[in-house]
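One structure is given here, and the rest of the page talks about it.
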Amino acid sequence: MSVTMDAPPVQYVTTSDGFSIAYAVAGSGTPLIVLPGTFYHVQYAWEFPGLGQWLQALASHYQVILMDIRGTGMSSRDVQDDHVLGHYQRDLEAVIEKLNLRRFLLLAVSRGVDLVVDYALMNPERVIGLVLGTSGDARSPSFFRVLPLEDWDLFVHSIVPHDRTPDEAERIVELTKQASDQRNYMLRWRALEAAGDLEPRLRRLLTPTLVLHSRAYMNTPAEEGMKKAQLTGGRMVLIDGSDPWGDGEQAVRAIQAFTNELVAPAADKAHLSVREQEVLRLIAAGQSNQEIAEKLVISLNTVRRHVSNLYDKIGVSSRTQAMLYASDRGPWSEKTR
(Lines give C-alpha, C1' and ligand atoms only; values in the text may rest on other atoms or scores of the structure.)
Protein backbone atom coordinates (compact mmCIF):
# COMPACT_ATOMS: atom_id res chain seq x y z
CA MET A 1 0.00 0.00 0.00
CA SER A 2 1.24 3.49 -0.77
CA VAL A 3 0.66 5.05 2.67
CA THR A 4 2.12 3.47 5.81
CA MET A 5 0.12 3.67 9.02
CA ASP A 6 2.00 4.63 12.17
CA ALA A 7 1.90 2.10 14.97
CA PRO A 8 -0.95 2.91 17.40
CA PRO A 9 -0.08 3.69 21.04
CA VAL A 10 0.87 0.69 23.15
CA GLN A 11 -1.32 0.13 26.21
CA TYR A 12 -1.06 -2.34 29.09
CA VAL A 13 -3.35 -4.44 31.23
CA THR A 14 -2.53 -6.84 34.07
CA THR A 15 -3.84 -10.40 33.97
CA SER A 16 -5.46 -12.22 36.88
CA ASP A 17 -2.12 -13.92 37.58
CA GLY A 18 -0.02 -10.77 37.43
CA PHE A 19 1.36 -10.66 33.87
CA SER A 20 1.58 -7.34 32.05
CA ILE A 21 0.04 -7.67 28.59
CA ALA A 22 0.70 -5.15 25.82
CA TYR A 23 -2.00 -4.32 23.31
CA ALA A 24 -2.82 -1.65 20.76
CA VAL A 25 -6.03 -0.54 19.06
CA ALA A 26 -6.33 0.85 15.52
CA GLY A 27 -9.28 1.65 13.29
CA SER A 28 -12.99 1.62 14.03
CA GLY A 29 -15.93 -0.68 13.46
CA THR A 30 -16.57 -4.23 14.61
CA PRO A 31 -13.88 -5.26 17.14
CA LEU A 32 -11.41 -7.73 15.64
CA ILE A 33 -8.88 -9.27 18.03
CA VAL A 34 -5.78 -10.39 16.13
CA LEU A 35 -3.21 -13.01 17.16
CA PRO A 36 -0.59 -13.08 14.36
CA GLY A 37 0.84 -16.38 15.59
CA THR A 38 4.35 -16.23 14.16
CA PHE A 39 5.19 -12.67 15.18
CA TYR A 40 4.01 -10.94 18.35
CA HIS A 41 5.08 -7.32 18.85
CA VAL A 42 2.37 -4.68 19.03
CA GLN A 43 4.75 -1.91 17.99
CA TYR A 44 6.99 -3.54 15.40
CA ALA A 45 4.16 -5.52 13.78
CA TRP A 46 3.19 -2.43 11.79
CA GLU A 47 6.59 -2.35 10.09
CA PHE A 48 7.06 -6.10 9.71
CA PRO A 49 7.19 -6.91 5.95
CA GLY A 50 3.83 -8.36 4.90
CA LEU A 51 2.22 -8.24 8.34
CA GLY A 52 2.25 -4.44 8.50
CA GLN A 53 0.34 -4.07 5.23
CA TRP A 54 -2.09 -6.78 6.33
CA LEU A 55 -2.86 -5.03 9.62
CA GLN A 56 -3.29 -1.71 7.88
CA ALA A 57 -5.83 -3.22 5.49
CA LEU A 58 -7.77 -4.70 8.41
CA ALA A 59 -7.70 -1.45 10.38
CA SER A 60 -9.29 0.41 7.47
CA HIS A 61 -12.49 -1.61 8.02
CA TYR A 62 -12.42 -2.95 11.59
CA GLN A 63 -11.37 -1.95 15.09
CA VAL A 64 -8.20 -4.00 15.15
CA ILE A 65 -7.01 -5.07 18.60
CA LEU A 66 -3.47 -6.43 18.41
CA MET A 67 -1.95 -8.00 21.50
CA ASP A 68 1.24 -9.65 22.66
CA ILE A 69 0.60 -12.84 24.59
CA ARG A 70 2.82 -13.45 27.62
CA GLY A 71 6.41 -14.24 26.78
CA THR A 72 6.36 -12.23 23.55
CA GLY A 73 6.81 -8.72 22.23
CA MET A 74 6.26 -5.99 24.80
CA SER A 75 4.41 -8.18 27.32
CA SER A 76 5.94 -9.78 30.41
CA ARG A 77 8.64 -12.28 29.47
CA ASP A 78 9.06 -14.01 32.85
CA VAL A 79 7.03 -17.10 31.92
CA GLN A 80 7.64 -20.03 34.24
CA ASP A 81 8.55 -23.61 33.36
CA ASP A 82 5.10 -24.86 34.43
CA HIS A 83 3.48 -22.73 31.71
CA VAL A 84 0.42 -24.30 30.02
CA LEU A 85 -1.74 -23.31 27.05
CA GLY A 86 -4.63 -22.23 29.27
CA HIS A 87 -2.58 -19.32 30.62
CA TYR A 88 -3.01 -17.50 27.32
CA GLN A 89 -6.76 -17.39 27.93
CA ARG A 90 -6.01 -15.09 30.87
CA ASP A 91 -4.18 -12.75 28.50
CA LEU A 92 -7.15 -12.63 26.15
CA GLU A 93 -9.63 -12.14 28.98
CA ALA A 94 -7.61 -9.28 30.44
CA VAL A 95 -7.61 -7.33 27.16
CA ILE A 96 -11.27 -8.11 26.46
CA GLU A 97 -12.38 -6.94 29.90
CA LYS A 98 -10.16 -3.84 29.79
CA LEU A 99 -11.81 -2.76 26.52
CA ASN A 100 -15.27 -3.81 27.77
CA LEU A 101 -15.92 -5.85 24.65
CA ARG A 102 -19.27 -7.64 24.58
CA ARG A 103 -18.95 -9.36 21.23
CA PHE A 104 -16.12 -9.46 18.73
CA LEU A 105 -14.42 -11.30 15.93
CA LEU A 106 -11.33 -13.40 16.62
CA LEU A 107 -8.63 -13.74 13.97
CA ALA A 108 -5.51 -15.85 14.33
CA VAL A 109 -2.76 -17.23 12.16
CA SER A 110 -0.29 -20.08 12.61
CA ARG A 111 -0.33 -21.46 16.17
CA GLY A 112 -2.41 -18.52 17.34
CA VAL A 113 -5.27 -20.56 15.88
CA ASP A 114 -5.09 -22.92 18.87
CA LEU A 115 -5.65 -20.03 21.28
CA VAL A 116 -8.70 -18.52 19.59
CA VAL A 117 -10.32 -21.93 19.05
CA ASP A 118 -10.00 -22.65 22.76
CA TYR A 119 -11.46 -19.25 23.63
CA ALA A 120 -14.42 -19.72 21.27
CA LEU A 121 -15.13 -23.14 22.75
CA MET A 122 -15.28 -21.66 26.25
CA ASN A 123 -17.08 -18.43 25.31
CA PRO A 124 -19.26 -19.08 22.24
CA GLU A 125 -21.75 -16.35 23.14
CA ARG A 126 -19.07 -13.64 22.93
CA VAL A 127 -17.46 -14.55 19.62
CA ILE A 128 -19.29 -13.32 16.51
CA GLY A 129 -17.10 -15.39 14.24
CA LEU A 130 -13.69 -16.99 13.92
CA VAL A 131 -11.23 -16.23 11.14
CA LEU A 132 -8.48 -18.85 11.00
CA GLY A 133 -5.50 -17.90 8.86
CA THR A 134 -2.89 -20.25 7.43
CA SER A 135 -1.71 -22.70 10.06
CA GLY A 136 -0.07 -26.08 10.21
CA ASP A 137 3.30 -26.94 8.77
CA ALA A 138 4.47 -29.66 6.42
CA ARG A 139 7.90 -29.69 8.02
CA SER A 140 8.76 -32.24 10.68
CA PRO A 141 7.81 -31.34 14.26
CA SER A 142 11.50 -31.77 15.09
CA PHE A 143 12.16 -28.68 12.99
CA PHE A 144 10.33 -26.63 15.65
CA ARG A 145 11.34 -28.76 18.61
CA VAL A 146 15.05 -29.35 17.94
CA LEU A 147 16.40 -26.62 15.66
CA PRO A 148 15.41 -23.67 17.89
CA LEU A 149 17.28 -25.30 20.77
CA GLU A 150 20.36 -26.17 18.76
CA ASP A 151 20.68 -23.00 16.69
CA TRP A 152 18.26 -20.16 17.40
CA ASP A 153 19.80 -17.88 14.79
CA LEU A 154 19.52 -20.49 12.04
CA PHE A 155 15.93 -21.21 13.02
CA VAL A 156 14.95 -17.55 12.80
CA HIS A 157 16.56 -17.24 9.37
CA SER A 158 14.88 -20.43 8.17
CA ILE A 159 11.32 -19.18 8.74
CA VAL A 160 11.69 -16.15 6.46
CA PRO A 161 9.38 -16.44 3.41
CA HIS A 162 11.30 -17.56 0.35
CA ASP A 163 10.34 -14.65 -1.89
CA ARG A 164 11.49 -11.78 0.32
CA THR A 165 14.21 -9.42 -0.89
CA PRO A 166 17.52 -9.52 1.00
CA ASP A 167 16.64 -6.28 2.78
CA GLU A 168 13.20 -7.57 3.76
CA ALA A 169 14.68 -10.87 4.95
CA GLU A 170 17.23 -9.05 7.08
CA ARG A 171 14.50 -6.88 8.59
CA ILE A 172 12.30 -9.91 9.33
CA VAL A 173 15.16 -11.63 11.18
CA GLU A 174 15.93 -8.47 13.14
CA LEU A 175 12.32 -7.91 14.19
CA THR A 176 11.71 -11.58 14.97
CA LYS A 177 14.57 -11.55 17.44
CA GLN A 178 13.02 -8.49 19.09
CA ALA A 179 9.63 -10.19 19.30
CA SER A 180 10.71 -13.45 20.92
CA ASP A 181 13.62 -15.18 22.59
CA GLN A 182 14.68 -18.78 22.51
CA ARG A 183 13.48 -19.73 25.99
CA ASN A 184 10.00 -18.23 25.68
CA TYR A 185 9.56 -19.63 22.19
CA MET A 186 10.30 -23.14 23.46
CA LEU A 187 7.94 -22.73 26.43
CA ARG A 188 5.18 -21.63 24.04
CA TRP A 189 5.86 -24.52 21.67
CA ARG A 190 5.83 -27.07 24.50
CA ALA A 191 2.53 -25.70 25.84
CA LEU A 192 0.97 -25.95 22.39
CA GLU A 193 2.22 -29.49 21.91
CA ALA A 194 1.10 -30.60 25.39
CA ALA A 195 -2.46 -29.46 24.61
CA GLY A 196 -2.71 -32.17 21.98
CA ASP A 197 -4.17 -32.33 18.51
CA LEU A 198 -6.30 -29.37 17.45
CA GLU A 199 -8.63 -31.51 15.33
CA PRO A 200 -10.99 -32.68 18.13
CA ARG A 201 -11.39 -29.08 19.27
CA LEU A 202 -12.19 -27.92 15.75
CA ARG A 203 -14.93 -30.57 15.54
CA ARG A 204 -16.58 -29.17 18.69
CA LEU A 205 -16.75 -25.58 17.48
CA LEU A 206 -20.18 -23.99 17.21
CA THR A 207 -18.90 -20.57 16.20
CA PRO A 208 -19.21 -19.60 12.51
CA THR A 209 -15.75 -20.00 10.99
CA LEU A 210 -13.88 -18.67 7.97
CA VAL A 211 -10.60 -20.30 6.96
CA LEU A 212 -8.14 -18.20 4.96
CA HIS A 213 -5.18 -19.88 3.29
CA SER A 214 -2.22 -18.24 1.57
CA ARG A 215 -1.86 -20.05 -1.71
CA ALA A 216 1.93 -19.60 -2.02
CA TYR A 217 2.84 -20.38 1.59
CA MET A 218 5.45 -23.07 1.06
CA ASN A 219 5.16 -24.73 4.47
CA THR A 220 1.48 -25.63 4.47
CA PRO A 221 -0.52 -27.12 1.59
CA ALA A 222 -4.01 -25.88 0.82
CA GLU A 223 -5.39 -29.24 1.92
CA GLU A 224 -4.72 -28.21 5.53
CA GLY A 225 -7.04 -25.25 5.14
CA MET A 226 -9.66 -27.40 3.45
CA LYS A 227 -9.52 -29.84 6.36
CA LYS A 228 -10.08 -27.08 8.93
CA ALA A 229 -13.06 -25.77 6.96
CA GLN A 230 -14.54 -29.26 6.82
CA LEU A 231 -14.01 -29.93 10.53
CA THR A 232 -15.60 -26.65 11.58
CA GLY A 233 -18.40 -26.67 9.02
CA GLY A 234 -17.04 -23.36 7.79
CA ARG A 235 -15.85 -22.03 4.49
CA MET A 236 -12.37 -21.65 3.02
CA VAL A 237 -11.00 -18.86 0.84
CA LEU A 238 -7.64 -18.99 -0.91
CA ILE A 239 -5.81 -15.67 -0.97
CA ASP A 240 -2.53 -14.58 -2.48
CA GLY A 241 0.62 -14.46 -0.38
CA SER A 242 3.72 -16.41 0.57
CA ASP A 243 3.53 -15.77 4.30
CA PRO A 244 0.84 -17.12 6.65
CA TRP A 245 -1.11 -13.82 6.71
CA GLY A 246 -1.60 -13.49 2.98
CA ASP A 247 -2.75 -10.46 1.03
CA GLY A 248 -4.42 -7.89 3.29
CA GLU A 249 -6.97 -6.51 0.84
CA GLN A 250 -8.07 -9.99 -0.22
CA ALA A 251 -8.33 -11.04 3.41
CA VAL A 252 -10.53 -8.03 4.22
CA ARG A 253 -12.89 -8.77 1.32
CA ALA A 254 -13.24 -12.38 2.43
CA ILE A 255 -13.85 -11.38 6.06
CA GLN A 256 -16.43 -8.77 5.07
CA ALA A 257 -18.33 -11.27 2.95
CA PHE A 258 -18.19 -13.75 5.84
CA THR A 259 -19.45 -11.33 8.51
CA ASN A 260 -22.18 -9.95 6.27
CA GLU A 261 -23.69 -13.41 6.04
CA LEU A 262 -23.42 -14.37 9.71
CA VAL A 263 -26.98 -13.29 10.44
CA ALA A 264 -29.68 -12.86 7.84
CA PRO A 265 -31.64 -9.65 8.38
CA ALA A 266 -34.99 -11.46 8.11
CA ALA A 267 -36.89 -8.34 9.18
CA ASP A 268 -40.06 -9.53 7.48
CA LYS A 269 -39.88 -12.88 9.27
CA ALA A 270 -39.33 -11.57 12.77
CA HIS A 271 -42.93 -11.86 13.98
CA LEU A 272 -42.16 -13.88 17.07
CA SER A 273 -44.79 -14.88 19.55
CA VAL A 274 -44.40 -13.69 23.13
CA ARG A 275 -43.18 -17.14 24.14
CA GLU A 276 -40.67 -17.26 21.28
CA GLN A 277 -39.37 -13.84 22.35
CA GLU A 278 -38.89 -15.20 25.88
CA VAL A 279 -36.97 -18.19 24.55
CA LEU A 280 -34.79 -15.96 22.37
CA ARG A 281 -34.01 -13.71 25.32
CA LEU A 282 -32.91 -16.70 27.39
CA ILE A 283 -30.82 -18.07 24.52
CA ALA A 284 -29.11 -14.66 24.32
CA ALA A 285 -28.40 -14.95 28.06
CA GLY A 286 -26.53 -18.20 27.39
CA GLN A 287 -29.06 -20.61 28.87
CA SER A 288 -29.41 -24.18 27.63
CA ASN A 289 -32.69 -25.70 26.48
CA GLN A 290 -33.00 -27.51 29.80
CA GLU A 291 -32.45 -24.29 31.74
CA ILE A 292 -35.00 -22.49 29.58
CA ALA A 293 -37.55 -25.25 30.22
CA GLU A 294 -37.05 -24.91 33.96
CA LYS A 295 -37.20 -21.12 33.82
CA LEU A 296 -40.43 -21.02 31.80
CA VAL A 297 -41.90 -24.12 33.45
CA ILE A 298 -42.49 -25.90 30.14
CA SER A 299 -41.29 -29.23 28.76
CA LEU A 300 -37.95 -29.69 27.03
CA ASN A 301 -39.72 -30.77 23.84
CA THR A 302 -41.75 -27.56 23.88
CA VAL A 303 -38.57 -25.52 24.19
CA ARG A 304 -37.06 -27.38 21.25
CA ARG A 305 -40.13 -26.61 19.16
CA HIS A 306 -39.98 -22.91 20.04
CA VAL A 307 -36.26 -22.82 19.22
CA SER A 308 -36.86 -24.45 15.84
CA ASN A 309 -39.67 -22.05 15.03
CA LEU A 310 -37.80 -18.90 16.00
CA TYR A 311 -34.68 -20.04 14.10
CA ASP A 312 -36.82 -20.26 10.99
CA LYS A 313 -38.45 -16.88 11.58
CA ILE A 314 -35.26 -14.91 12.19
CA GLY A 315 -33.25 -16.75 9.54
CA VAL A 316 -30.49 -18.39 11.59
CA SER A 317 -29.28 -21.96 11.91
CA SER A 318 -27.28 -22.05 15.14
CA ARG A 319 -27.45 -20.95 18.76
CA THR A 320 -24.49 -18.61 18.30
CA GLN A 321 -26.23 -16.88 15.40
CA ALA A 322 -29.42 -16.54 17.47
CA MET A 323 -27.37 -14.93 20.27
CA LEU A 324 -25.86 -12.52 17.77
CA TYR A 325 -29.28 -11.70 16.31
CA ALA A 326 -30.73 -11.00 19.77
CA SER A 327 -27.74 -8.88 20.78
CA ASP A 328 -27.96 -6.80 17.60
CA ARG A 329 -31.67 -6.21 18.21
CA GLY A 330 -31.82 -5.25 21.87
CA PRO A 331 -35.63 -4.77 21.96
CA TRP A 332 -36.09 -8.57 21.85
CA SER A 333 -34.78 -8.78 25.39
CA GLU A 334 -36.81 -5.77 26.52
CA LYS A 335 -40.18 -6.94 25.22
CA THR A 336 -40.34 -9.87 27.59
CA ARG A 337 -39.31 -8.10 30.78
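Within the range 236-325, which trypsin sites (Lys or Arg not before Pro) sit in a loop by DSSP and count at most 13 neighbouring Cβ atoms inside 10 Å?
Working: sites: R253, K269, R275, R281, K295, R304, R305, K313, R319; in loops: K269.
Taking the range 236-325 and a limit of 13 other Cβ atoms within 10 Å, the loop trypsin sites (Lys or Arg not before Pro) found are K269.
Could the peptides 168-177, 200-209 be put in order, highest first, of the mean number of other beta-carbon atoms found within 10 Å of their residues? Before the final figure, lay out each step's value.
Values: 168-177: 16.2, 200-209: 18.5.
Those peptides, ordered most packed to least, come out 200-209, 168-177.
What's the FRET efficiency of E97 with R77 using the Cβ-Cβ distance as r and R₀ = 25 Å, to the nearest 0.05? List each step's numbers first, then the result.
Details: r = 23 Å, r/R0 = 0.90.
Between E97 and R77 the formula returns 0.65.
Would you work out what percent of the accessible area of the range 155-304, with all protein chains in place, is carbon or sulfur (probe 1.4 Å)?
Carbon and sulfur atoms account for 49 percent of the accessible area of the range 155-304.
Note down the Stokes-Einstein diffusion coefficient of the chain in µm²/s, whole number, using a Kirkwood radius over alpha carbon pairs, 4 °C, and 1.567 mPa s. All intermediate terms of the calculation are to be shown ahead of the outcome.
On the way: Rh = 21.1 Å.
Translational diffusion coefficient: 61 µm²/s.
For T14, T320, what's the largest-to-smallest order of accessible area, 1.4 Å probe?
Working: T14 95, T320 10 Å².
Correct descending sequence by accessible area is T14, T320.
Nearest 500 deg cm²/dmol is fine: what mean residue ellipticity at 222 nm does the chain get from its DSSP H runs of n ≥ 4 alone, each adding -39,500 (n - 2.57), divided by its residue count? List each step's numbers first, then the result.
On the way: 16 runs with 154 residues, N = 337.
Calculated from helices alone, the mean residue ellipticity at 222 nm is -13000 deg cm²/dmol.
May I ask you to rank Y12, Y311, Y40 by accessible area, largest first, using a 1.4 Å probe over the protein chains only? Mind dumping the intermediate values first?
Numbers: Y12 105, Y311 40, Y40 10 Å².
Accessible-area ranking of Y12, Y311, Y40, largest first: Y12, Y311, Y40.
Using θ = phi - 60° and the Karplus relation 6.51 cos²θ - 1.76 cosθ + 1.60, list the HN-Hα couplings for the range 78-92 in order, rounded to whole Hz, with x at every Gly or Pro.
Whole-Hz 3J(HN,Hα) from phi for the range 78-92: 7, 6, 8, 5, 8, 4, 10, 4, x, 5, 5, 5, 5, 5, 4.
Calculate what fraction, in whole %, of the accessible area of the range 1-97 sits on carbon and sulfur atoms when a 1.4 Å probe is rolled over the protein chains.
Numbers: 1730 of 3630 Å².
Of all accessible area on the range 1-97, carbon and sulfur atoms account for 48 percent.
Only Cα pairs under 8 Å and at least 6 apart count here; give the relative contact order of the chain as a rounded whole percent.
Values: 584 pairs, mean separation 54.0, N = 337.
The value is 16 percent.
With everything on Cα atoms, drop me the angle between helix 182-194 and the longest principal axis of the chain, reported from 0 to 90° to the nearest 10.
40
How large is the accessible surface of F155 in square angstrom, using a 1.4 angstrom probe and rounding to the nearest 10?
10
For every other residue with a beta carbon closer than 11 angstrom to the beta carbon of R164, add +1 if it is Lys or Arg and -1 if Asp or Glu, then tell me the sum.
Values: positive: R171; negative: D163, D167, E168, E170, D243.
Value of the local net charge: -4.
Roughly how much of D240 is accessible, in Å² to the nearest 10, using a 1.4 Å probe?
We get 70 Å² for D240.
Ignoring ligands, DNA and RNA, how do E199, E261, E249 rank by accessible area with a 1.4 Å probe, largest first? Can you show the working numbers first?
Numbers: E199 45, E261 115, E249 70 Å².
Sorted descending by solvent-accessible area, the residues read E261, E249, E199.
Among the DSSP beta bridges whose two residues both lie in the range 1-110, what percent are antiparallel, rounded to the nearest 5?
Details: 8 of 16 bridges.
The antiparallel proportion sits near 50 percent.
Apply the a/c threshold of 1.5 to the C-alpha gyration tensor of the range 59-186 and tell me whether it is rounded, prolate or oblate. Don't skip to the end; give the middle numbers.
Working: a/c = 1.85, a/b = 1.54, b/c = 1.20.
It is prolate, given that a/c is not under 1.5 and a/b is the larger ratio.
Of A222, A94, A195, which is the most mobile in a GNM of the chain whose springs link Cα atoms less than 10 angstrom apart?
A195
Cβ under 11 Å from S16's Cβ, S16 left aside: what net charge do those residues give with Lys, Arg +1 and Asp, Glu -1?
On the way: positive: R90; negative: D17, D91, E93, E97.
Summing Lys/Arg as +1 and Asp/Glu as -1 gives -3.
For the chain, what is the percent of antiparallel DSSP beta bridges, rounded to the nearest 5?
Numbers: 8 of 29 bridges.
Looking only at bridges with both residues in the chain, the antiparallel portion is about 30 percent.
For E291 paired with E193, estimate the spin-label separation in nm (one decimal), with each label point 7 Å from Cα along the Cα-to-Cβ line.
That separation, rounded to one decimal, is 3.9 nm.
What accessible area per residue, rounded to a whole number of Å², is obtained for the chain using a probe radius of 1.4 Å? Please report the intermediate quantities before stating the final value.
Working: 14940 Å² over 337 residues.
That works out to 44 Å² for each residue.
Mind grabbing the accessible area of H162 for me, 1.4 Å probe, Å², rounded to tens?
About 110 Å², ignoring ligands and nucleic acids.
Using θ = phi - 60° and the Karplus form 6.51 cos²θ - 1.76 cosθ + 1.60, what ³J(HN,Hα) does each residue of the range 114-130 get, whole Hz, x for Gly and Pro?
4, 5, 6, 5, 4, 5, 5, 5, 8, 9, x, 6, 9, 9, 5, x, 10
Can you tell me the 0 to 90 degree angle between the C-alpha axis of helix 166-179 and the longest principal axis of the chain, rounded to 10?
70
Using a Cα distance threshold of under 24 Å, what count of lysine pairs results for the chain when pairs must be 8 or more residues apart or interchain?
On the way: K269/K313; K269/K335; K295/K313; K295/K335; K313/K335.
Eligible lysine pairs with Cα atoms under 24 Å apart amount to 5.
Could you order the peptides 96-103, 41-48 from most to least packed, using the average number of other C-beta atoms within 10 Å per residue? Spell out each step's value before the answer.
Details: 96-103: 13.5, 41-48: 21.8.
Result, highest mean first: 41-48, 96-103.
The values are calculated or read from the model by the stated rules, or taken from the named source; none is laboratory data. In this text, all values refer to a predicted model and were calculated from it rather than measured experimentally. So basically every Cβ, Gly included, is an ideal-geometry build from the backbone, and we count neighbours across all protein chains shown. Heads up: the accessible areas ignore ligands, DNA and RNA and are worked out on the full protein's heavy atoms, side chains in. Shrake-Rupley method; radii C 1.70, N 1.55, O 1.52, S 1.80 Å.
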